[in-house]
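Encoded as structure tokens, the structure appears first; notes follow it.
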């Protein structure tokens with residue numbers, strides 16, 4: 001078999017394995033919620049949060065050591081063994097009867113989340129630099145495994161438990177996932193071939209970890225904190241967001257949240273192709289710029305703000321003769337008032353979609369008939385009201401764009417790694433994956449803490465806008481520095497505008 005055919009076979013199996021592993025990694029989000037909602041276990045919200053977050057944390061923290069093992073022993077061996085090892089605690093989850101059992105089982109099968117670090121390194125060694133972006137993008141589309149669990153596992157649980165009548169039926173679900181891991185591992189060994197990065201004289205652990213001293217690695221990690229960590233966090237955070245902000249039922253909220261997560265996973269392949277054809281750095285400019293703009297637009301909350309406006313003052317002293325919504329009469333002097341718009345009471349009608357904020361102004365009398373007033377005394381106060389609907393469909397469209405750009409960005413970030421660290425793809429990919437995975441664990445906690453302190457739901461978008469701008473500025477400064485070092489004359493011409 002030719003190397004090209006082997007490369008295609010390896011990429012196909014890598015993508016399949018990553019899809020299965022990612023689906024397993026996200027199992028608790030559905031399983032734990034289902035069991036608690038049906039009364040099988042009575043756990044607190046904090047306990048539920050830990051059970052959902054523990055696999056994410058485990059998979060993230062183990063990406064670095066798994067990446068090191070991949071560089072040393074090759075992706076084929078490490079990937080296959082990782083799936084077989086993850087299948088054991090996944091199967092044991094079916095026998096869990098206490099919180100501690102679930103905690104240890106989650107800690108174990110969370111190893112499946114480290115599959116990303118293996119797949120990135122193993123895919124890279126089979127493709128040339130010109131094709132690595134596309135290959136890594138196709139592999140990364142395995143992120144869609146989370147959407148498969150989110151959409152499919154609830155229906156499977158309904159069938160296994162007979163719609164909740166036989167709750168013990170849930171124990172079959174972890175067995176299904178364990179079986180899927182074992183079958184995938186067998187197919188993986190059958191249709192993949194050994195190959196690893198040639199590290200030359202690099203032997204010691206210190207030498208293998210040497211790339212971590214490079215600030216570029218941590219910059220890539222910050223990018224991935226945004227495009228992957230925030231993606232994982234928003235996949236979970238958007239459901240309560242829709243429920244609380246737009247008063248939607250959970251089923252509808254879940255469907256709209258899926259419009260963010262599912263396309264983002266699938267679009268990653270396009271991100272790889274774009275990185276190959278336009279350059280990963282240029283793609284990251286588009287990604288970070290788009291995320292910054294969209295998150296900035298999403299910051300503006302659904303609101304109605306009342307402000308003081310221009311009032312009406314008496315031009316001379318006298319006695320108030322009459323007061324109506326349209327005028328005030330003082331002596332023989334008439335003062336016209338701006339009336340409340342008739343349509344203002346229906347401004348938040350569900351039948352209308354407001355793209356831009358709507359403003360209204362009116363004046364309200366503050367004096368009564370028979371009252372004596374002095375010159376320059378206030379007769380009517382001005383009321384200015386600004387209403388912003390933050391329409392749910394416009395909101396969803398912006399969130400959809402953010403999801404698409406994050407999916408493209410995930411591929412673009414990893415496209416940088418083989419170029420800058422060709423001898424340490426596993427290690428560097430591992431630490432970048434760790435930082436990104438920690439983002440998925442930390443961001444929901446930060447979102448909740450900021451929301452609790454401010455009471456404003458859009459603070460999550462404020463946080464992400466700041467991170468996007470920080471990444472964009474940092475990357476631009478680095479690009480400028482590289483230009484000054486490698487093409488100082490060209491850089492001076494660009495800065496001064498002179499072509500001589």
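Brief remarks follow.
- Scanning the range 328-340 for residues that are within 20 Å of residue 384 (Cβ to Cβ) and surrounded by 15 or more Cβ atoms within 10 Å (Cβ to Cβ) returns 328, 335, 337, 338, 340.
- Residues that are buried (at least 23 other Cβ atoms within 10 Å of the Cβ) and more than 20 Å from residue 52 (Cα to Cα) are absent from the range 296-318.
Here's the yes/no breakdown for (1) surrounded by 24 or more Cβ atoms within 10 Å (Cβ to Cβ); (2) farther than 17 Å from residue 475 by Cα; (3) modelled with pLDDT of 85 or more; (4) in contact with a helix residue (DSSP H, G or I) (Cβ under 8 Å, 6 or more places away or on another chain):
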position: 384; (1), (2), (3), (4): no, yes, yes, no
position: 389; (1), (2), (3), (4): no, yes, no, no
position: 393; (1), (2), (3), (4): no, yes, no, no
position: 397; (1), (2), (3), (4): no, yes, yes, no
position: 410; (1), (2), (3), (4): yes, no, yes, yes
position: 414; (1), (2), (3), (4): yes, no, no, yes
position: 417; (1), (2), (3), (4): yes, no, no, yes
position: 420; (1), (2), (3), (4): no, no, no, yes
position: 425; (1), (2), (3), (4): yes, yes, no, yes
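- Criterion applied to 427, 402, 473, 478 was being under 18 Å from the mean Cα position of the chain (by Cα) and part of a helix (DSSP H, G or I), and the one residue passing it is 402.
- Test for residue 150: is it at negative phi and at pLDDT below 80: yes
- Summed over the range 443-484, the residues that are surrounded by fewer than 16 Cβ atoms within 10 Å (Cβ to Cβ), within 17 Å of residue 297 (Cα to Cα) and modelled with pLDDT under 90 give a count of 1.
- Single residue of 73, 116 found to be closer than 23 Å to residue 191 by Cβ and at pLDDT below 85: 116
- The range 93-104, residues that are surrounded by fewer than 22 Cβ atoms within 10 Å (Cβ to Cβ) and touching a residue at least 60 places away in the same chain (Cβ under 8 Å): 94, 95
- The single residue among 231, 188, 225 that is in contact with a helix residue (DSSP H, G or I) (Cβ under 6 Å, 6 or more places away or on another chain), at pLDDT 85 or above and assigned by TED's automatic domain parsing to the domain that holds residue 82 turns out to be 188.
- Check on residue 164, in contact (Cβ under 8 Å) with a residue 40 or more places away in the chain and buried (at least 24 other Cβ atoms within 10 Å of the Cβ): no
- Count of residues meeting criterion [under 21 Å from the mean Cα position of the chain (by Cα) and either surrounded by fewer than 21 Cβ atoms within 10 Å (Cβ to Cβ) or not assigned by TED's automatic domain parsing to the domain that holds residue 183 (or both)] in the range 30-51: 5
- Some residue of the range 107-119 being under 24 Å from the mean Cα position of the chain (by Cα) and surrounded by fewer than 21 Cβ atoms within 10 Å (Cβ to Cβ): yes
- Looking across 408, 394, 445, one residue alone is over 30 Å from residue 281 (Cβ atoms), in contact (Cβ under 8 Å) with a residue 12 or more places away in the chain, under 22 Å from the mean Cα position of the chain (by Cα) and in a helix (DSSP H, G or I). It is 394.
- Hits in the range 39-53 (condition: touching a helix residue (DSSP H, G or I) at 6+ places or on another chain (Cβ under 9 Å) and either outside any helix (DSSP H, G or I) or modelled with pLDDT of 85 or more (or both)): 39, 40, 41, 42, 43
The values are calculated or read from the model by the stated rules, or taken from the named source; none is laboratory data. What you see is a predicted model, and the numbers here were worked out from it, not measured in a lab. Because the Cβ atoms are built from the backbone with ideal geometry, glycine has one as well, and the counts that use them run over all protein chains shown.
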